[in-house]
Amino acid sequence: MTDRPAPTDDDVLGGLEPDQVRVRFPPSPTGNMHVGNIRSALFNWAFARHYGGKLVLRIEDTDTARNSPEALQYTLDSLRWLGLNWDEGPEIGGEYSPYLQSERMDIYADVVAKLLAAGKAYHCYCSQEELEQRREAARTAGQHSGYDGHCRTLTPEQVQAYIDEGRRPVVRLRMPDRPIVFDDLVRGEITFLPENLGDYVLVRANGYPLYPLVNPVDDALMEITHVLRGEDLLPSTPRQIALYEALAEIGIGSGKTPRFGHLPFVMGEGNKKLSKRDPGSGLGEYMERGFLPEGLLNYLALLGWSIADDRDVFTMDEMVKAFDIRKVNANAARFDPKKCEAINASHMRMLDPSEFAARVVPFLAQAGLLPAEPSEEQLAVLHAAVPLVQERMNTLSESPDMLGFLFIPDEAFSIDPDAAAKVLTGDAGAVLEATSKALSELGEWKTEAIEQALRASLIEGLGLKPKNAFGPVRVAISGRRISPPLFESLELLGRERSLRRLEQARAALPAD
Ligand code: GLU
Ligand code: ZN
């Protein structure tokens, strides 16, 4: 017999088999996704994949004014672009469907009726003014100013009187009169005292079911085992736990309160919470700027988690293997746009060159430099150019600037005026003339031969420093001050086009 140490995941799983893990990502589809929400999606996804459990995508779209079918589609497309695939949810279905809360209104009405019948919830007829008056009075008396339980024990006569007055009630949950304690997977044990937890509203007077009702009801019905979500939702957790318990007592759902893990805040500039309005907070920006999904996700993983002390760059497979919710740091994480870009650049370098080329094509196509389906010849040039630029680009959207000179038709080619003003001055005329001469006489149009000829002609011949020698040539052939390596670029551009551009640049020089 061998002594087997307790599996390290035991306290996370709490007796479940790993593949019984069920987590959820419940976005409200209101358009652009916030990076903080993507981080939540990522951690849930990694948690589910790590244990071989299920990720449920549930759409919290009861607020019809703020949600639209387009926004829903955008949310689904965003998750697919990121590669955060779900096991149950829209477009896939599943045992617990529907997964759109807007299609579950009857379910909520039924649950509320059962909570009311069991006395777990009750109707509250207090008007806004009455509530405010009593809250104010409690405040002046130095007492807690949450809901005072006024309607907990109304007699049938009182109820009838309110109804006769034409009042329409909200529904409140009857909160237990004891502390609510739970063991947060990120933060450890957290206690909320009952005096801070007034009976809260589940359903508005107009019958509209609120987030604090529908979210835990669906978690219970969908048998969610772990809830990993942002720290901003922590204040609602004790109320939700009370609701799970009430549901369990009347036999609704799995009967087990999920384990919670509250992920740290994501802070932006000035150490303020990164808000939806801050630049750099929305996914759309990263897609447009040509981030790789794996680069962005790698960076977002670092907002609270790390794979090892000395390692920042990893693949999603590696994250899935290593992910441990207990290693998530409770301290707020700072969003660092520079680091985000650097991590992305690392993933750009990790791409297989042909994959890199494939990902660059849409960006070149969008800039009008290539057709969406490039020809064999264009692809050959692109593949040859990839090794020259792959190490130098941080995002895919840099590709038109880096590679455009190879694909732009001659009649559309122009030199960036700023580059011309800075570089095509002084000796530039002599440099371009000597370059044209050396290159037109060159036998073999190959990088090494081009380099040799230019060094002989410009450095040895004209006695120039490399910067002054090659700067004007670079601007002439690429139109820019920054380009892929010069001699390779010349080879790729070909003799004829290179010579034509050198002439064009000479013609554009200011007359002296
Ligand atoms: N729909 C909520 C949100 O997007 C869900 C929060 C939760 O994870 O419970 O903020
Ligand atoms: Zn009341």
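ARG139 is checked against (1) under 26 Å from ASN206 (Cα atoms); (2) modelled with pLDDT under 95 and fails just one. What number does that condition carry?
(1)
Go through the range 258-274 residue by residue and tally those that are assigned to a helix (DSSP H, G or I) and either of a type in the set (D, E, K, R) or in contact with a Pro (Cβ under 7 Å, 6 or more places away or on another chain) (or both).
The initial filter retains those residues of the range 258-274 that are assigned to a helix (DSSP H, G or I), namely 269-271.
Among the residues that remain, those that are also either of a type in the set (D, E, K, R) or in contact with a Pro (Cβ under 7 Å, 6 or more places away or on another chain) (or both) are: 269.
Here the count works out to 1.
Tell me which residues, restricted to the range 146-161, are surrounded by fewer than 16 Cβ atoms within 10 Å (Cβ to Cβ) and either hydroxyl-bearing (Ser, Thr, Tyr) or under 17 Å from TYR200 (Cα atoms) (or both).
Within the range 146-161, GLY149, HIS150, ARG152, THR153, THR155 meet the criteria.
In the range 311-344, which residue that is among the small types (Gly, Ala, Ser) and surrounded by fewer than 20 Cβ atoms within 10 Å (Cβ to Cβ) is nearest to LEU379 (Cα to Cα)?
ALA342
Could we say that SER275 is surrounded by fewer than 21 Cβ atoms within 10 Å (Cβ to Cβ), within 16 Å of ligand 1 (Cβ to nearest atom), without any contact (Cβ under 8 Å) to a residue 40 or more places away in the chain and closer than 27 Å to ASP77 by Cβ here? Please lay out each step first, then the result.
Values: surrounded by fewer than 21 Cβ atoms within 10 Å (Cβ to Cβ): yes; within 16 Å of ligand 1 (Cβ to nearest atom): yes; without any contact (Cβ under 8 Å) to a residue 40 or more places away in the chain: yes; closer than 27 Å to ASP77 by Cβ: yes.
Judged against the criteria, SER275 is a match.
May I ask you to list the residues in the range 207-233 that are among the small types (Gly, Ala, Ser) and closer than 27 Å to GLU17 by Cα? Break it down stepwise before answering.
If we filter the range 207-233 for residues that are among the small types (Gly, Ala, Ser), which is where we start, we get 207, 220, 230.
ALA220, GLY230 - these are the residues of the range 207-233 that are among the small types (Gly, Ala, Ser) and closer than 27 Å to GLU17 by Cα.
Looking at the range 83-124, which of the residues that are surrounded by 14 or more Cβ atoms within 10 Å (Cβ to Cβ) and of a type in the set (D, E, K, R) is farthest from ASP61 (Cα to Cα)?
LYS120
Considering each of ALA137, ALA141 in turn, give the residue that is surrounded by fewer than 19 Cβ atoms within 10 Å (Cβ to Cβ), more than 22 Å from TYR211 (Cβ to Cβ) and within 16 Å of ligand 2 (Cβ to nearest atom).
Details: ALA141 fails: within 16 Å of ligand 2 (Cβ to nearest atom).
After applying the criteria, what remains is ALA137.
Can you pull out every residue in the range 171-204 that is touching an Asp or Glu at 6+ places or on another chain (Cβ under 8 Å), away from ligand 2 (no atom under 14 Å from the Cβ) and either modelled with pLDDT under 95 or aliphatic (A, V, I, L, M) (or both)?
VAL181, ILE190, PRO194 - these are the residues of the range 171-204 that are touching an Asp or Glu at 6+ places or on another chain (Cβ under 8 Å), away from ligand 2 (no atom under 14 Å from the Cβ) and either modelled with pLDDT under 95 or aliphatic (A, V, I, L, M) (or both).
For the range 389-453, list the helices (runs of 4 or more DSSP H) that sit wholly inside it and hold at least 2 residues that are in contact with a helix residue (DSSP H, G or I) (Cβ under 8 Å, 6 or more places away or on another chain) and among the hydroxyl-bearing types (Ser, Thr, Tyr); which are they?
Numbers: elements: 399-407, 417-423, 428-440.
Per the criteria, 428-440.
Please list, ordered by first then second residue, the pairs with beta carbon atoms under 9 Å, 6 or more apart or interchain, first in the range 138-150 and closer than 18 Å to HIS123 by Cβ, second β-branched (Val, Ile, Thr).
Correct list of pairs: TYR147/VAL201.
Being modelled with pLDDT of 95 or more, within 16 Å of ligand 2 (Cβ to nearest atom), among the β-branched types (Val, Ile, Thr) and closer than 29 Å to PRO29 by Cα, is that true of even one residue in the range 149-170?
Taking every residue of the range 149-170 in turn, at least one turns out to be modelled with pLDDT of 95 or more, within 16 Å of ligand 2 (Cβ to nearest atom), among the β-branched types (Val, Ile, Thr) and closer than 29 Å to PRO29 by Cα.
Restricting the search to the range 12-38, which residues are more than 12 Å from ligand 1 (Cβ to nearest atom) and in contact (Cβ under 8 Å) with a residue 40 or more places away in the chain? Break it down into steps so the answer makes sense when it comes.
Taking the range 12-38 and keeping what is more than 12 Å from ligand 1 (Cβ to nearest atom), we get 12-22, 31-32, 35.
Selection gives VAL12, GLY14, LEU16, GLN20, VAL21, ARG22, GLY31, ASN32, VAL35.
Quick one: ASP63 ticks every box in (1) within 25 Å of PHE265 (Cα to Cα); (2) at pLDDT below 95; (3) not in a loop (DSSP other than H, G, I, E, B) bar one, so which box is it?
(3)
For the range 485-497, which residues satisfy the criterion of being surrounded by fewer than 23 Cβ atoms within 10 Å (Cβ to Cβ) and on the phi < 0 side of the Ramachandran plot?
As a first pass, look at the range 485-497 and keep what is surrounded by fewer than 23 Cβ atoms within 10 Å (Cβ to Cβ): 485-488, 491-497.
Across the range 485-497, the qualifying residues are PRO485, LEU486, PHE487, GLU488, GLU491, LEU492, LEU493, ARG495, GLU496, ARG497.
Any chance the range 458-469 includes a residue that's buried (at least 20 other Cβ atoms within 10 Å of the Cβ), in contact with a Ser or Thr (Cβ under 6 Å, 6 or more places away or on another chain) and not hydroxyl-bearing (Ser, Thr, Tyr)?
So far as the range 458-469 goes, no, none of its residues is buried (at least 20 other Cβ atoms within 10 Å of the Cβ), in contact with a Ser or Thr (Cβ under 6 Å, 6 or more places away or on another chain) and not hydroxyl-bearing (Ser, Thr, Tyr).
Are any residues in the range 66-92 within 18 Å of VAL320 (Cβ to Cβ) and in a loop (DSSP other than H, G, I, E, B), and if so, which ones?
GLY83, LEU84, ASN85, TRP86, ASP87
All but one of (1) in a loop (DSSP other than H, G, I, E, B); (2) under 17 Å from the mean Cα position of the chain (by Cα); (3) crowded, with 20+ Cβ neighbours inside 10 Å; (4) not polar (S, T, N, Q) hold for LEU296; which doesn't?
(1)
Listed here are the residues, each with its yes/no results for (1) within 22 Å of VAL12 (Cα to Cα); (2) part of a loop (DSSP other than H, G, I, E, B); (3) not charged (D, E, K, R).
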{"site": "GLU195", "(1), (2), (3)": "no, no, no"}
{"site": "LEU202", "(1), (2), (3)": "no, no, yes"}
{"site": "ALA205", "(1), (2), (3)": "no, yes, yes"}
{"site": "VAL214", "(1), (2), (3)": "no, no, yes"}
{"site": "GLU223", "(1), (2), (3)": "yes, yes, no"}
{"site": "ARG229", "(1), (2), (3)": "yes, no, no"}
{"site": "LYS256", "(1), (2), (3)": "yes, yes, no"}
{"site": "LYS276", "(1), (2), (3)": "no, yes, no"}
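The values are calculated or read from the model by the stated rules, or taken from the named source; none is laboratory data. Here the structure is a predicted model, which is why all the values come from computation and not from measurement. Cβ coordinates were reconstructed from backbone atoms using ideal geometry, including for glycine residues, and neighbour counts include every protein chain displayed.
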